[in-house]
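The structure under discussion appears below in the form of structure tokens.
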Amino acid sequence: MSDAPKKLYIKTYGCQMNVYDSERMAEALGGQGYEQVDSPEGADMILLNTCHIREKAAEKVYSELGRYKGLKAANPDLKIGVAGCVAQAEGAEIMRRQPMVDLVVGPQSYHRLPEMEAKTQQGEKALDTDFPEELKFDHLPKGRKAKRGPTAFLTVQEGCDKFCAFCVVPYTRGAEVSRPVSRVLREAEGLVEQGVREITLLGQNVNAYHGQEGGEDWGLARLIRRLAEIDGLDRIRFTTSHPNDMEDDLIAAHGDCEKLMPYLHLPVQSGSDRILKRMNRGHTAEEYLRLIERIRAARPDILMSGDFIVGFPEETEEDFQATMDLVEAVNYGQCFSFKYSARPGTPAAERPLVDQAAADNRLQRLQALLTTQQRAAQDAMVGREVGVLFEKAGRLPGQMVGKSDHLHAVHVQCDVPVGTLARVRITESGPNSLGGTLLG
Ligand code: 5AD
Ligand code: SF4
């Protein structure tokens with residue numbers, strides 16, 4: 001066998017947790033002599049890191065796999081793997097339907113990838129969709145360190161015990177598990193040594209974080225305050241949260257922890273109490289609104305973000321109006337909205353769908369309102385002074401692009417290195433980003 005690095009192509013679908021997982025998988029396979037490449041052509045291994053959250057996920061994976069037939073025919077040694085939540089949900093069925101797949105690995109088993117890869121090199125198939133006792137991140141072998149930009153994701157919690165009636169996450173990612181505090185701190189310190197200045201803590205239910213440290217139970221707020229003590233780490237964010245886990249100390253941290261950025265993604269899904277109940281959300285619209293009042297009392301300029309589902313089974317026009325009213329009351333700075341899609345195995349999948357034309361129409365109306373709010377929040381930044389962490393060069397010569405404290409993209413004519421955190425005066429608001437000038 002030659003010593004030239006083998007080429008690994010990873011295609012990532014879905015949420016930021018998958019982005020983080022793909023990086024860890026690349027590191028783990030780095031130890032097996034793989035180097036990540038940007039295209040599937042000429043790769044020695046192709047890994048699809050899949051998402052199962054919405055419609056036709058499995059079908060998309062099968063059609064993507066179909067595209068690799070030519071590559072596999074040209075190079076029979078090419079290994080093809082499916083990871084992520086579709087792998088978890090479909091398991092061995094993937095290899096039955098698409099025999100050219102060599103490896104299927106669920107999201108909790110990535111630390112076993114090196115052994116699994118070795119097995120495929122022996123011409124065997126490798127399948128692992130267990131929920132092992134050990135935490136994958138704490139058993140992942142470290143390969144060579146990838147180059148780092150100034151921002152990074154760090155998964156601190158996985159899984160979900162909430163069982164919203166529409167959601168596959170509790171089935172594909174399993175029960176809520178938190179990584180121990182010391183592991184998180186060590187990883188964060190390592191990232192900062194590599195030049196990272198902003199860390200986004202990730203978890204399916206990140207504010208349900210309960211990590212252990214010396215026999216003590218740490219909530220997310222305590223973890224954030226401890227991370228804020230790391231010199232060189234300037235910004236902390238976290239996503240995604242459930243309203244019922246927004247505890248007092250976490251709300252307080254938004255007011256008194258300077259490094260915690262004024263942006264919060266807090267999905268509510270619907271504004272109708274009847275639908276919230278049918279969704280098994282465990283809170284009412286009013287409770288959500290009161291919660292946001294408390295968060296805004298702690299941090300008045302916080303920009304709220306959320307997720308909505310329209311067309312959930314039994315949703316009437318009146319229920320939908322309640323969602324529109326809630327959106328008006330909150331005034332989101334950013335928001336995501338989806339048409340309900342039945343996910344096999346979830347309780348809501350058994351219920352009849354609402355009229356699909358009505359659901360499409362509601363989605364359009366909701367998105368129009370959310371877009372207006374998003375645009376207004378962006379326009380309101382004009383004239384303000386904000387922090388911007390520069391991430392890359394812009395398209396125009398002499399231009400840099402970064403993210404503001406409120407997570408807006410900001411273009412500035414300036415000559416500063418990537419990774420600079422600077423004060424910027426916002427001077428204009430375009431369709432998808434802000435423009436500004438460097439201060440001081
Ligand atoms: N149909 C539509 N949207 C869904 N989401 C989760 N499950 C479904 C589904 N079955 C949305 C929710 C969640 C986001 C990540 O995806 O809004 O917050
Ligand atoms: Fe899914 Fe989020 Fe509900 Fe958990 S809290 S079941 S991840 S929507």
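The values are calculated or read from the model by the stated rules, or taken from the named source; none is laboratory data. This is a predicted model, so every value here is computed, not measured. As a convention, Cβ positions derive from the backbone with ideal geometry for all residues, glycine included, and neighbour counts pool all protein chains shown.
Numbers for the structure displayed
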item: Matching option when the condition is in contact with a Lys or Arg (Cβ under 8 Å, 6 or more places away or on another chain) and either away from ligand 2 (no atom under 16 Å from the Cβ) or of a type in the set (Val, Ile, Thr) (or both), among 168, 206; result: 168
item: Which numbered condition residue 304 misses (of (1) within 30 Å of residue 341 (Cα to Cα); (2) assigned by TED's automatic domain parsing to the domain that holds residue 197; (3) under 19 Å from the mean Cα position of the chain (by Cα)); result: (2)
item: Where a residue in segment 125-139 is modelled with pLDDT of 70 or more and its partner, wherever it lies, is acidic (Asp, Glu) and surrounded by 16 or more Cβ atoms within 10 Å (Cβ to Cβ), with Cβ under 7 Å and at least six apart; result: 125/102; 126/102
item: Filter pass, residue 288 being in contact with a helix residue (DSSP H, G or I) (Cβ under 9 Å, 6 or more places away or on another chain), within 15 Å of ligand 2 (Cβ to nearest atom) and either under 20 Å from residue 245 (Cα atoms) or modelled with pLDDT under 95 (or both); result: yes
item: Within segment 262-301, considering residues that are buried (at least 20 other Cβ atoms within 10 Å of the Cβ) and over 25 Å from the mean Cα position of the chain (by Cα), the one farthest from residue 329 (Cα to Cα); result: 278
item: Among the residues listed as 308, 320, the single one being away from ligand 2 (no atom under 16 Å from the Cβ), of a type outside the set (A, V, I, L, M), buried (at least 18 other Cβ atoms within 10 Å of the Cβ) and more than 20 Å from residue 262 (Cβ to Cβ); result: 320
item: Every pair of residues 6+ apart whose Cβ atoms lie under 8 Å, when the first sits in segment 160-179 and is at negative phi while the second is within 16 Å of ligand 1 (Cβ to nearest atom) and aromatic (Phe, Trp, Tyr); result: 166/312; 166/340; 170/163
item: Elements of type strands (runs of 3 or more DSSP E) in segment 260-341, at least 1 residues being within 28 Å of residue 360 (Cβ to Cβ) and among the acidic types (Asp, Glu); result: 303-310
item: Residue satisfying condition, being without any contact (Cβ under 8 Å) to a residue 40 or more places away in the chain, within 16 Å of ligand 1 (Cβ to nearest atom) and outside the structural domain of residue 234 (by TED's automatic domain parsing), within set 352, 397; result: 352
item: Residue match in segment 347-363 (condition: closer than 18 Å to residue 310 by Cα, under 24 Å from the mean Cα position of the chain (by Cα) and more than 16 Å from ligand 2 (Cβ to nearest atom)); result: yes
item: Positions within segment 379-406 being out of contact with any Gly (no Cβ under 8 Å at 6 or more places or on another chain), crowded, with 17+ Cβ neighbours inside 10 Å and modelled with pLDDT of 95 or more, in sequence order; result: 381, 387, 402, 403
item: Test: residue 285 is over 22 Å from residue 15 (Cβ atoms), away from ligand 1 (no atom under 16 Å from the Cβ) and in contact (Cβ under 8 Å) with a residue 40 or more places away in the chain; result: no
item: Strands (runs of 3 or more DSSP E) contained in segment 152-235 and holding at least 1 residues within 16 Å of ligand 1 (Cβ to nearest atom) and at pLDDT 95 or above; result: 198-202
item: Residue among 215, 219, 232 that is of a type outside the set (Asp, Glu), more than 16 Å from ligand 2 (Cβ to nearest atom) and free of Cβ contacts under 8 Å to residues at least 12 places away in the same chain; result: 215
item: Count - residues of segment 53-91 that are over 22 Å from residue 16 (Cβ atoms) and within 26 Å of the chain's Cα centre (by Cα); result: 7
item: Residue that is surrounded by the most Cβ atoms within 10 Å (Cβ to Cβ) [pool: residues in segment 175-187 that are within 17 Å of residue 158 (Cβ to Cβ) and among the hydrophobic types (A, V, I, L, M, F, W, C)]; result: 184
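For (1) within 16 Å of ligand 2 (Cβ to nearest atom); (2) within 19 Å of residue 30 (Cβ to Cβ); (3) modelled with pLDDT of 95 or more; (4) among the charged types (D, E, K, R), each residue gets a yes or a no:
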site	(1), (2), (3), (4)
53	yes, no, no, no
57	yes, no, no, no
78	no, yes, yes, no
83	no, yes, yes, no
90	no, no, no, yes
109	no, yes, no, no
